[in-house]
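The structure appears below as structure tokens.
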Amino acid sequence: MVKRLLAALLVLVVVGAATAVGGYFYWQSRLEAPLSIDEPMLYQVPSGAGFNQVVAQLEEQGVLEDAWAFRLLARVEPERVPRLRTGEYQLLPDMSGLEMMALLGSNQVVTYSLTIPEGWSFRQMRELLNSAPKLEHRTAELSDAEVMTLLDREGTFPEGWFFPDTYRYHLGMSDVDILRQSLERMERILKEVWEERADDLTIETPYEALIMASLIERETGAPEERREIAGVFKRRMEQGMRLQTDPTIIYGMGERYEGRITRADIREATPYNTYVIDGMPPTPIAMPGRASLEAAVNPLPGETLYFVSRGDGTHHFSRTLREHNNAVNRYIRNR
């Protein structure tokens, strides 16, 4: 009788052990099973969401069939449960549940790009930020002055102080993050460029270099012309001539500009109109790129004092007013 009882107990132990081992391997197989999706999909980990909340949501969405396996994981092996990070993630059909959870705890969030072109104004930059998808719009209702205060630059006029480039962002970031990156990058690059300046400049401060670079940026998109235009502006200032650059008229007109400049616009006395004022305008008129900043502090030596657009994105440069007038007749009036 005792022998039979012991044999029965042994059988139960063996069966129990086999069941436990089998159950363990089945549980592991459910953790490593592919997701129940047929094509890539975006999943957003909500802000402040816990592991079990995310598991429940994935189960509701049909991504996880064996959500119980992950709830059990959190109870018996919590050290294997990643700390989830807020953001958007791309889930793939061949991804296992464990791989997905590792992804949701990584920094491999889905990112978006936003490009600020060289020569844009701060107003244009703000309009682009306000329309950017997946970006929190914290500054949409703020004035320019309030934006600069938010960026710890209270009292600074914003034009020109943001570096034009492509910036990447992810869900959870705001327009303030992009603005701060752009501002700090411009400050850093301006400092670097100013340290490499020529010795005989007519401009005296980094801010004046920023203003000059904005004029160069708005005058030409041809890389080979930037230093020559800088040279023209330098020589005109040295000789007491006005800069007479059309983009300053346009900037001074603001939203009144509708695509053409009239004689009245040329004569209008605005703080920016370099046909009327001496020297440079009081602030930048656009966001210059690095090439224009470098041209502003290293103008090309020469004798040219005038330039006129050829209509193809490049300019004809002249040393004398007579040569310039002939070029105007050739490229502007005849056209």
Only one of (1) part of a strand (DSSP E or B); (2) at positive phi; (3) of a type in the set (Gly, Ala, Ser) does not apply to Gly119, and that is (1)
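Quick grid of which residues meet (1) hydrophobic (A, V, I, L, M, F, W, C); (2) in contact (Cβ under 8 Å) with a residue 24 or more places away in the chain; (3) within 25 Å of Gln124 (Cβ to Cβ):
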position	(1), (2), (3)
Leu243	yes, yes, yes
Ile249	yes, yes, yes
Arg256	no, no, yes
Ile261	yes, no, yes
Pro284	no, yes, yes
Tyr306	no, yes, no
His316	no, no, no
Arg319	no, no, no
Please determine whether any residue of segment 58-68 is over 19 Å from Ser29 (Cα atoms) and at pLDDT 85 or above. yes
Among the residues of segment 258-268, are any in a loop (DSSP other than H, G, I, E, B), within 28 Å of Leu190 (Cα to Cα) and at pLDDT below 95? no
Apart from one, (1) under 20 Å from Met287 (Cα atoms); (2) in a loop (DSSP other than H, G, I, E, B); (3) hydrophobic (A, V, I, L, M, F, W, C) all hold for Val109; the odd one out is (1)
Original post:
Does Gly240 fit the bill of being open to solvent by 60 Å² or more (accessible area, probe 1.4 Å), within 17 Å of Asn273 (Cα to Cα), in the same structural domain as Ile277 (by the TED database) and assigned to a loop (DSSP other than H, G, I, E, B)?
Top reply: yes
How many residues of segment 279-305 are within 12 Å of Thr245 (Cα to Cα) and surrounded by fewer than 18 Cβ atoms within 10 Å (Cβ to Cβ)? The answer is 1
Within segment 206-229, the count of residues that are closer than 12 Å to Thr283 by Cβ and open to solvent by 10 Å² or more (accessible area, probe 1.4 Å) comes to 2
Restricting attention to segment 95-122, the residues that are farther than 26 Å from Tyr167 by Cα and either touching a strand residue (DSSP E or B) at 6+ places or on another chain (Cβ under 6 Å) or open to solvent by less than 40 Å² (accessible area, probe 1.4 Å) (or both) number exactly 5
Reported set for segment 35-87 where residues are crowded, with 16+ Cβ neighbours inside 10 Å and assigned to a helix (DSSP H, G or I) is Phe51, Val54, Val55, Ala56, Gln57, Leu58, Glu59, Ala67, Ala69, Phe70, Leu73
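The values are calculated or read from the model by the stated rules, or taken from the named source; none is laboratory data. Here the structure is a predicted model, which is why all the values come from computation and not from measurement. A quick note on method: Cβ atoms are made from the backbone with ideal geometry, for glycine too, and the neighbour counts reach across all protein chains shown. Note: accessible area is taken over every heavy atom of the protein model, side chains too, but ligands, DNA and RNA are not part of it. Shrake-Rupley method; radii C 1.70, N 1.55, O 1.52, S 1.80 Å.
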